[in-house]
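The values are calculated or read from the model by the stated rules, or taken from the named source; none is laboratory data. Small disclaimer: the values here were computed from a predicted structure and weren't measured. Using ideal geometry, Cβ is built from the backbone for each residue, glycine included, and neighbour counts are taken over all protein chains shown. Only protein heavy atoms, including side chains, enter the accessible area calculation; ligands, DNA and RNA are left aside. Shrake-Rupley method; radii C 1.70, N 1.55, O 1.52, S 1.80 Å.
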Amino acid sequence: MTKTDTLPPIAHPAREEITVEGVLRALADPVRLAIVRQLAATGQEIACGGLTVPVTKSTLTHHLGILRQAGVVAGRQEGTTRFNSLRRNDLDALFPGLLDGVLAAPR
């Protein structure tokens, strides 16, 4: 791929494809929960390199992929940087109070 090529958009499930089982499964891992807590705290996109978790880059990519497939986060590619954001509006519309309860729970 050359510098002028564009990358395909990052796939995310549509809102109606997100299930509570998938969301809860994704949030059950402490690393993924830490990622979601960071995204929720900022309320903004965070580049992969800006996330503070005690895992390697490849493991972080794996965890972000699971969160993305579950519909918890959205990813956006800009050049060589991938930005991640919490799909809070979708999650709150589908499962009112779920995200707030998970984020408020003691670690």
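Tabulated values for the structure
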item	result
Close pairs (9 angstrom Cβ cut-off, 6 or more residues apart or separate chains): open to solvent by less than 50 Å² (accessible area, probe 1.4 Å) in segment 53-65, of a type in the set (S, T, N, Q) anywhere	Val53/Gln38; Val53/Thr59; Leu64/Asn84
Answer from Arg32, Arg82, Arg68 - the residue that is assigned to a strand (DSSP E or B) and surrounded by 15 or more Cβ atoms within 10 Å (Cβ to Cβ)	Arg82
Output for segment 29-49, where each listed residue is among the small types (Gly, Ala, Ser) and at pLDDT 95 or above	Ala34, Ala40, Ala41, Ala47
Considering residues of segment 85-103 that are over 13 Å from the mean Cα position of the chain (by Cα) and either at pLDDT below 95 or surrounded by 15 or more Cβ atoms within 10 Å (Cβ to Cβ) (or both) only, the residue farthest from Glu17 (Cα to Cα)	Leu103
Residue check, Gln44 assigned to a helix (DSSP H, G or I), touching a residue at least 40 places away in the same chain (Cβ under 8 Å) and open to solvent by 80 Å² or more (accessible area, probe 1.4 Å)	no
Count - residues of segment 11-29 that are of a type in the set (A, V, I, L, M), open to solvent by 60 Å² or more (accessible area, probe 1.4 Å) and outside any helix (DSSP H, G or I)	2
